[in-house]
Amino acid sequence: MSTAAVPRLTPAEVLRFAADPFTGMLRAQRVHGDVVEVGYGRQRSTFLFGPEANSFVFANPQLFSWRDSFEVMLPVLGESALLVSDGEGHRRRRHLVLPAFHRRRIEDYVRLMARNTAATVDRWDTGRRVDLYRELRALIRRNTVESLYGSRLAAQNDAIGARLQIALDATDLPLGLQLFLTRVPNPVTARAERARRWVAERVQAEIEHRRRHPEPDGDGLGALLAATDGAGCPLDDGEIQDQVISLIVAGYETTSAAMAWVVHAALSTPGTWERARESVTALLGDEPVTVEALEKLDYLDGVVQEALRLHPPVVVLPRVTAREVEFAGRRLPAGTRLAISPYVTHRMSRVWPEPARFVPERWHSDHPLHREVTPAGFLPFGGGRHRCIGAPFATAELKTILVELLRRTELTPTGPVTPVSIMAMRPRRGVPVVVRRRKAGSHG
């Protein structure tokens, strides 16, 4: 079968796309179809839109290189992080990291997340205007560090966050500039590497402390230290450092962005916040949050899933073709930078009816807008072999924080909220609200 040339955006379309990639991607798909080339030179990428493209990419991991796709993240994540691993190395590390996210551990994590959320809210004065995104970002980073790696590292939460932010700031630069900086000595990369090295040294100190003083109940770091593969080989210290840092970054960037959109969507959709609170009160009252309780909060689950549908924190999932690839009658040479997009898939009317509406009830099987969820049609955490290993942890955290906010606060939005960054879509100027504290009982 013959192949056709990949359509390209015009120069004017490229400029509009650069100014607003969210609208730009939706327009590109609508005007040019499910395969379209965007940009020029080293910033050129081919976008594959829709569930068929997602299925193709997830089903054929051997056709794509993850490491080449995320090379700009190496100074932040490290050489052996799951996100930048391919093939057997990825399979082995994923197997060794997975025990940190077993359900029995998440039960303990949820209790800690609830306590930390209550402590954060207790610092807010009634009538105070706060940026919820910034506040919840710090909370989520602490939850991640303390849940997975213990109180000693959590005591350095703010310093760890400040160093990692230096490294993360470089990922907001234009892609072409980021790729150029990976190939030449430069102060931006050097600063990012120094910052990450500082964090790695603190992680290594905790690794050595745990070996001298093992904790009987264990946590995520204990699981990493204890894990061995089929040949009895553990992760080495460098691999442990990379997994620890990359999992902190995932919480720091994507989960905090998702939490901001969950709260914004619930507050800005009439009746949603109130109905969610009623459901929490009816089921939980003042009882502590548990994983079992979270699983019974159907309406709250719909709020979170619907926010993840409309505002997936990872807007595009990049790949680089490892060999020539053919999809939908288009031929892509080896070395082609391409991307699939959860954001576009989640807003396609052929996948989700009335896709622009925030309707938590669509997640209930008896609602007219309900559709069965498929891995290719709903992918806020990616999919295939590289689906985010921390997805259950992140989902439990989003719901736990939302429960405690509903119980403890009245929040009044005070300004517009707009998205920025397709690496981890976050609110450009935060989520400004005025807080009024509610009287709350003890929640454990």
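Only residues that are open to solvent by 20 Å² or more (accessible area, probe 1.4 Å) and either part of a helix (DSSP H, G or I) or of a type in the set (A, V, I, L, M, F, W, C) (or both): list them for the range 25-51, please.
Correct list: L26, R27, Q29, R30, V31, H32, G41, R42, Q43, P51.
When you look at A334, is it closer than 20 Å to E71 by Cβ and in a loop (DSSP other than H, G, I, E, B), yes or no? Outline the logic, then answer.
Numbers: closer than 20 Å to E71 by Cβ: yes; in a loop (DSSP other than H, G, I, E, B): yes.
So A334 fits the description; yes.
Taking the range 102-132 only, how many residues are open to solvent by less than 20 Å² (accessible area, probe 1.4 Å) and not polar (S, T, N, Q)? Step through it out loud before you land on a result.
Step one: of the range 102-132, the residues open to solvent by less than 20 Å² (accessible area, probe 1.4 Å) are 106, 109-110, 113-114, 117-118, 120-121, 124, 130, 132.
Next cut, not polar (S, T, N, Q) only: 106, 109-110, 113-114, 118, 121, 124, 130, 132.
The qualifying residues number 10.
Out of the range 331-344, which residues are buried (at least 16 other Cβ atoms within 10 Å of the Cβ) and within 26 Å of G87 (Cβ to Cβ)?
Initial filter on the range 331-344 (buried (at least 16 other Cβ atoms within 10 Å of the Cβ)): 332, 336-344.
Selection gives L332, T336, R337, L338, A339, I340, S341, P342.
Tell me the helices (runs of 4 or more DSSP H) entirely within the range 52-147 that contain at least 1 residues that are modelled with pLDDT of 90 or more and more than 21 Å from C388 (Cβ to Cβ).
Values: elements: 66-69, 74-77, 87-97, 103-122.
Correct list: 103-122.
Considering the range 227-240 alone, what residues qualify as being touching a residue at least 60 places away in the same chain (Cβ under 8 Å) and either more than 19 Å from A200 (Cα to Cα) or of a type in the set (S, T, N, Q) (or both)? Can you show your working first?
Step one: filter the range 227-240 for residues touching a residue at least 60 places away in the same chain (Cβ under 8 Å), giving 227-229, 234-235, 238-239.
Once the filter is applied, which keeps residues that are touching a residue at least 60 places away in the same chain (Cβ under 8 Å) and either more than 19 Å from A200 (Cα to Cα) or of a type in the set (S, T, N, Q) (or both), the range 227-240 yields A227, T228, D229.
Just to be sure I understand the filter: pairs with C-beta atoms under 8 Å, separated by 6 or more residues or on different chains, first member in the range 109-123 and free of Cβ contacts under 8 Å to residues at least 12 places away in the same chain, second member of a type in the set (G, A, S) and open to solvent by less than 20 Å² (accessible area, probe 1.4 Å). Which pairs pass?
No pair meets every condition.
Out of all the residues in the range 30-56, which are farther than 29 Å from T189 by Cβ, in contact (Cβ under 8 Å) with a residue 60 or more places away in the chain and hydrophobic (A, V, I, L, M, F, W, C)?
V35, L48, F49, A53, F56 - these are the residues of the range 30-56 that are farther than 29 Å from T189 by Cβ, in contact (Cβ under 8 Å) with a residue 60 or more places away in the chain and hydrophobic (A, V, I, L, M, F, W, C).
Just to be sure, is I422 of a type in the set (A, V, I, L, M, F, W, C), closer than 26 Å to G251 by Cα, in contact (Cβ under 8 Å) with a residue 12 or more places away in the chain and crowded, with 21+ Cβ neighbours inside 10 Å?
Values: of a type in the set (A, V, I, L, M, F, W, C): yes; closer than 26 Å to G251 by Cα: yes; in contact (Cβ under 8 Å) with a residue 12 or more places away in the chain: yes; crowded, with 21+ Cβ neighbours inside 10 Å: no.
Considered against the rule, which asks whether it is of a type in the set (A, V, I, L, M, F, W, C), closer than 26 Å to G251 by Cα, in contact (Cβ under 8 Å) with a residue 12 or more places away in the chain and crowded, with 21+ Cβ neighbours inside 10 Å, I422 comes out as no.
So which of E292, E361, E306 ends up being in a helix (DSSP H, G or I) and crowded, with 21+ Cβ neighbours inside 10 Å?
On the way: E292 fails: crowded, with 21+ Cβ neighbours inside 10 Å; E361 fails: crowded, with 21+ Cβ neighbours inside 10 Å.
Within the list E292, E361, E306, the selection yields E306.
For the range 187-209, state whether one or more residues are of a type in the set (S, T, N, Q) and touching a Leu at 6+ places or on another chain (Cβ under 6 Å).
To start, the set of residues in the range 187-209 that are of a type in the set (S, T, N, Q) comprises 189, 204.
Pick out the ones that are also touching a Leu at 6+ places or on another chain (Cβ under 6 Å) and you get 189.
For the range 187-209, residues of a type in the set (S, T, N, Q) and touching a Leu at 6+ places or on another chain (Cβ under 6 Å): present.
So how many residues does the range 273-289 have that are of a type in the set (D, E, K, R) and not in a helix (DSSP H, G or I)?
Taking the range 273-289 and keeping what is of a type in the set (D, E, K, R), we get 274-275, 277-278, 286-287.
Within this subset, residues satisfying the condition of being not in a helix (DSSP H, G or I) are 286-287.
Within the range 273-289, residues that are of a type in the set (D, E, K, R) and not in a helix (DSSP H, G or I) number 2.
Every residue, every condition in (1) in contact with a Pro (Cβ under 8 Å, 6 or more places away or on another chain); (2) more than 17 Å from L267 (Cβ to Cβ); (3) at pLDDT below 95, yes or no:
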| position | (1), (2), (3) |
| --- | --- |
| R371 | yes, yes, no |
| L379 | yes, yes, no |
| I389 | no, yes, yes |
| T395 | no, yes, no |
| K399 | no, no, no |
| E404 | no, no, no |
| T409 | no, no, no |
| A424 | yes, yes, yes |
| H443 | yes, yes, yes |
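Please verify whether the range 262-270 includes one or more residues that are open to solvent by 50 Å² or more (accessible area, probe 1.4 Å) and either touching a Cys at 6+ places or on another chain (Cβ under 7 Å) or modelled with pLDDT of 90 or more (or both).
As a first pass, look at the range 262-270 and keep what is open to solvent by 50 Å² or more (accessible area, probe 1.4 Å): 268, 270.
Of the ones still in play, those that are also either touching a Cys at 6+ places or on another chain (Cβ under 7 Å) or modelled with pLDDT of 90 or more (or both) are 268, 270.
Checked the range 262-270: at least one residue is open to solvent by 50 Å² or more (accessible area, probe 1.4 Å) and either touching a Cys at 6+ places or on another chain (Cβ under 7 Å) or modelled with pLDDT of 90 or more (or both).
Before we move on, is E146 closer than 30 Å to I422 by Cα and buried (at least 20 other Cβ atoms within 10 Å of the Cβ)? Please lay out each step first, then the result.
Working: closer than 30 Å to I422 by Cα: yes; buried (at least 20 other Cβ atoms within 10 Å of the Cβ): yes.
The answer is yes for E146.
Would you mention how many residues in the range 193-215 are among the small types (G, A, S) and either within 30 Å of L181 (Cα to Cα) or crowded, with 17+ Cβ neighbours inside 10 Å (or both)?
Step one: filter the range 193-215 for residues among the small types (G, A, S), giving 195, 200, 205.
Then drop every residue that is not either within 30 Å of L181 (Cα to Cα) or crowded, with 17+ Cβ neighbours inside 10 Å (or both), which leaves 195, 200.
Residues meeting the conditions: 2.
Being touching a helix residue (DSSP H, G or I) at 6+ places or on another chain (Cβ under 8 Å) and in a helix (DSSP H, G or I) is the filter here; which residues of the range 228-249 pass it? Please lay out each step first, then the result.
At the first step, the residues of the range 228-249 found to be touching a helix residue (DSSP H, G or I) at 6+ places or on another chain (Cβ under 8 Å) are 228-229, 234-235, 237, 239-249.
Within the range 228-249, D237, E239, I240, Q241, D242, Q243, V244, I245, S246, L247, I248, V249 meet the criteria.
Could you please give the count of residues in the range 5-24 that are more than 18 Å from I340 (Cβ to Cβ), open to solvent by less than 50 Å² (accessible area, probe 1.4 Å) and aliphatic (A, V, I, L, M)?
1
Would you mind stating whether E253 is out of contact with any Cys (no Cβ under 9 Å at 6 or more places or on another chain), in a helix (DSSP H, G or I), of a type in the set (D, E) and closer than 24 Å to S147 by Cβ? I'd like the intermediate steps shown before the answer.
On the way: out of contact with any Cys (no Cβ under 9 Å at 6 or more places or on another chain): yes; in a helix (DSSP H, G or I): yes; of a type in the set (D, E): yes; closer than 24 Å to S147 by Cβ: yes.
Yes; evaluated as a whole, the condition is true for this residue.
Determine which single condition V435 fails, assuming it passes every other condition in (1) closer than 30 Å to T23 by Cβ; (2) open to solvent by less than 10 Å² (accessible area, probe 1.4 Å); (3) among the hydrophobic types (A, V, I, L, M, F, W, C).
Evaluating V435 over (1) closer than 30 Å to T23 by Cβ; (2) open to solvent by less than 10 Å² (accessible area, probe 1.4 Å); (3) among the hydrophobic types (A, V, I, L, M, F, W, C) leaves (1) as the failure.
When you scan the range 367-376, do you find a residue that is open to solvent by 20 Å² or more (accessible area, probe 1.4 Å), touching a Ser or Thr at 6+ places or on another chain (Cβ under 6 Å) and touching a residue at least 24 places away in the same chain (Cβ under 8 Å), even just one?
Within the range 367-376, the first condition is being open to solvent by 20 Å² or more (accessible area, probe 1.4 Å), and the residues that meet it are 367-368, 370-375.
Those left that are additionally touching a Ser or Thr at 6+ places or on another chain (Cβ under 6 Å): none.
No - not one qualifying residue is present in the range 367-376.
The values are calculated or read from the model by the stated rules, or taken from the named source; none is laboratory data. Everything quoted here is computed from the prediction, not taken from an experiment. Every residue, glycine as well, gets a Cβ built from its backbone with ideal geometry; the counts of neighbours run over all protein chains shown. These area figures cover heavy atoms from the full protein model, side chains too; ligands, DNA and RNA do not enter into them. Shrake-Rupley method; radii C 1.70, N 1.55, O 1.52, S 1.80 Å.
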